[in-house]
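Just so it is clear, none of the values below were taken in a lab; they were calculated from the coordinates. Here the structure is a predicted model, which is why all the values come from computation and not from measurement. No Cβ is skipped: glycine too gets one built from the backbone with ideal geometry, and neighbour counts run over all protein chains shown.
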Amino acid sequence: MLNAYRSGLFPMPVRAGGRAVMAWWSPDPRAILPLDGLRVTRSLRASCKRFDVRVDTAFEAVIDACADPSRPGRWIDTRIRDAYVRLHHEGWAHSVEAWTPDGVLAGGLYGVAIDRLFAGESMFHHARDASKVALVHLVGWLRTRGATLLDVQWLTPHLASLGAIEVPRPQYLSLLADAVEVRT
């Protein structure tokens with residue numbers, strides 16, 4: 001899986017012949033969120049004060065919330081969940097969680113970090129702006145770690161409102177090569 005990410009691929013099951021099969025995706029164009037391009041509105045800035053944000057304290061709860069069967073477009077099956085939990089235990093996959101003041105997980109996201117790449121996989125919210133607050137924190141966290149590429153896979157209206165853009169595959173692969181280069 002890590003080699004796939006390093007090559008610009010990510011897994012997502014699809015239905016074929018009545019069963020779920022694993023497919024590997026590399027969309028063209030590819031959506032990224034430039035780390036200096038995150039749009040934080042005044043109301044989102046206020047929402048950031050309403051949550052306690054933590055990293056890697058509830059990875060499995062985050063992925064389970066992202067995999068909620070009642071969510072439209074749900075794609076996280078048991079194989080995907082198990083693979084990312086394994087990557088988390090190995091230090092590659094991370095979660096960012098937004099908690100209410102009374103200790104309830106209100107939203108979050110998870111993804112894979114390799115060198116200066118963070119490949120965002122999924123996000124969820126149970127409270128208004130909670131996933132956006134997690135994203136704001138993620139961008140700050142990535143900046144402090146010297147990340148250069150936040151891959152969000154496909155552009156959605158939600159991600160576009162936060163500053164995500166599309167880049168053609170050749171440009172994405174160039175950004176990726178710089179982000180995961182082997183440094184001595």
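Brief remarks follow.
- Candidates ASP52, ASP115, ASP36, ranked by Gaussian network fluctuation over the chain, Cα under 10 Å, top entry: ASP36
- In region 2-179, inverting the average of 1/r over every pair of distinct C-alpha atoms gives 16.5 Å as the Kirkwood radius.
- Pairwise FRET efficiency - ARG145 versus ARG19, Cβ, R0 = 45 Å, nearest 0.05: 0.70
- Within the chain, DSSP assigns beta bridges of which about 90% are antiparallel (rounded to the nearest 5).
- The GluC sites (Glu not before Pro) of region 39-131 that DSSP puts in a loop, and whose beta carbon has at most 13 other beta carbons within 10 Å, are GLU90.
- Measuring between their Cα centroids, region 121-173 and region 1-66 lie 7 Å from each other.
- DSSP-loop trypsin sites (Lys or Arg not before Pro) across region 88-184, with at most 11 other Cβ within 10 angstrom: ARG145, ARG183
- Shown for LEU173, LEU117: other C-beta atoms within 10 Å of each C-beta, ranked fewest to most, produce the order LEU173, LEU117.
- For the chain, size of Cβ-based charge dipole, Lys and Arg +1, Asp and Glu -1, in debye: 340
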